[in-house]
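Visitor: Next up is a structure, given as structure tokens.
The values are calculated or read from the model by the stated rules, or taken from the named source; none is laboratory data. From a predicted model like this one, the values you see are computed outputs, not experimental measurements. Counting neighbours? That spans all protein chains shown, and the Cβs are built from the backbone with ideal geometry, glycine included.
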Amino acid sequence: MLGMAPRDAWPLLDDDVYSADPLITAVRYLKSEAMAGLTLYLDRRIVDLPETHINLLESRFALTAIDVSRHWTGFDCTVLNVIASDVVELEGLAPAHAEGEIVAELTRFFPFLTEAKIVRSYYQPHYSEPLVTNEVGAWLFRPEAVTGIENLYFAGSACRSHIDMNSMEGAVTTGLLAANAIMERNGIPYRTEIRRPKETSKLLMHVLRILGLPVAAFAKGWLSLRDWMRGEDANVPPAKSKSGRLEDRKRRRAATLKAAAAARGANYSR
């Protein structure tokens with residue numbers, strides 16, 4: 001069972017692996033980025049904080065936070081668990097310096113940090129453990145638990161599951177999928193039940209999409225009118241950047257993967 005980040009698995013994808021299952025090499029198209037974690041232990045309880053995650057819109061490091069003391073036992077004071085999703089500019093800084101920059105930005109949204117004392121903190125930059133980003137189309141390149149190689153299985157948050165995002169829940173789910181597949185292939189009757197969270201009705205999502213079409217059409221028309229008023233030709237596509245050309249290659253690779261998966265009988269649709 002292979003439970004490592006896709007980027008770390010690249011050196012293992014040699015000629016033999018490619019010949020046995022070309023679909024596996026699609027993981028090279030998955031994009032990974034580091035997300036830093038910072039836990040702040042305060043000297044008091046901040047009663048106004050919600051129990052759920054807080055997304056700090058337009059924050060400098062794409063910050064989110066949650067008061068985990070509402071969910072953990074044994075804490076009388078607020079414990080802020082902060083995730084910085086964009087830490088490119090902090091890479092290479094000393095941990096104390098990077099932590100200070102995050103706290104300073106956090107204080108812009110949480111003024112109580114100017115009065116509350118941070119008793120202790122724990123900073124994890126995670127530069128060597130990047131996570132796969134949930135980009136549009138990434139599902140096609142995520143590996144499944146079962147591969148075309150008899151004794152090779154994948155597990156980890158970057159793999160396919162109904163969780164469909166990088167999280168502890170996704171990692172555990174794919175590990176259970178791989179374990180069940182190993183037991184099935186070896187004739188072991190035991191299976192671990194994998195629970196599925198409640199999902200929004202697909203019919204409702206289609207209805208909402210249809211209802212939103214007039215708004216989308218109006219927005220497109222407004223942008224075209226704005227470009228025309230600025231003297232820009234909306235019919236002339238802009239020159240594609242390097243990332244745009246990469247997206248084109250990924251789309252072509254996705255079409256190839258679908259065809260190859262169909263020939264093998266695998267489900268590479270969503």
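Visitor: At pLDDT 90 or above and either in contact with a Gly (Cβ under 8 Å, 6 or more places away or on another chain) or among the acidic types (Asp, Glu) (or both), is that true of Val68?
Guide: Values: at pLDDT 90 or above: yes; either in contact with a Gly (Cβ under 8 Å, 6 or more places away or on another chain) or among the acidic types (Asp, Glu) (or both): no.
Criteria not met by Val68.
Visitor: In this structure, is Gly100 part of a strand (DSSP E or B) and at negative phi? Quick ask: steps written out before the conclusion?
Guide: Details: part of a strand (DSSP E or B): no; at negative phi: yes.
When the stated conditions are applied, Gly100 does not pass them.
Visitor: Please work out which one of (1) part of a strand (DSSP E or B); (2) over 19 Å from the mean Cα position of the chain (by Cα); (3) among the hydroxyl-bearing types (Ser, Thr, Tyr) is the condition Thr64 fails and give its number.
Guide: Just one mismatch for Thr64, condition (2).
Visitor: Every residue in segment 162-205 that is basic (Lys, Arg) and within 21 Å of the chain's Cα centre (by Cα), please. First the steps, then the outcome.
Guide: Here is the first cut: in segment 162-205, the ones basic (Lys, Arg) are 185, 191, 195-196, 198, 202.
Those that are basic (Lys, Arg) and within 21 Å of the chain's Cα centre (by Cα): Arg195, Arg196, Lys198.
Visitor: Working only within segment 187-200, note down all residues that are surrounded by fewer than 10 Cβ atoms within 10 Å (Cβ to Cβ) and hydroxyl-bearing (Ser, Thr, Tyr).
Guide: Selection gives Tyr190, Thr200.
Results for (1) assigned to a helix (DSSP H, G or I); (2) out of contact with any Pro (no Cβ under 8 Å at 6 or more places or on another chain); (3) surrounded by 12 or more Cβ atoms within 10 Å (Cβ to Cβ), shown as yes or no for each residue.
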{"residue": "Asp8", "(1), (2), (3)": "yes, yes, yes"}
{"residue": "Asp48", "(1), (2), (3)": "no, yes, no"}
{"residue": "Val82", "(1), (2), (3)": "no, yes, yes"}
{"residue": "Gly92", "(1), (2), (3)": "no, yes, no"}
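Visitor: OK, next. Counting residues that are modelled with pLDDT of 85 or more, which helices (runs of 4 or more DSSP H) fully inside segment 152-270 reach at least 2? So that I can check it myself, show each step before the final result.
Guide: Working: elements: 168-185, 202-229, 242-264.
Qualifying helices (runs of 4 or more DSSP H): 168-185, 202-229.
Visitor: Whether any residue in segment 121-140 is touching a Leu at 6+ places or on another chain (Cβ under 8 Å), within 30 Å of Asp76 (Cα to Cα) and of a type in the set (Val, Ile, Thr) is what I want to check.
Guide: Within segment 121-140 (the criterion being touching a Leu at 6+ places or on another chain (Cβ under 8 Å), within 30 Å of Asp76 (Cα to Cα) and of a type in the set (Val, Ile, Thr)), the answer is no, since none of the residues qualifies.
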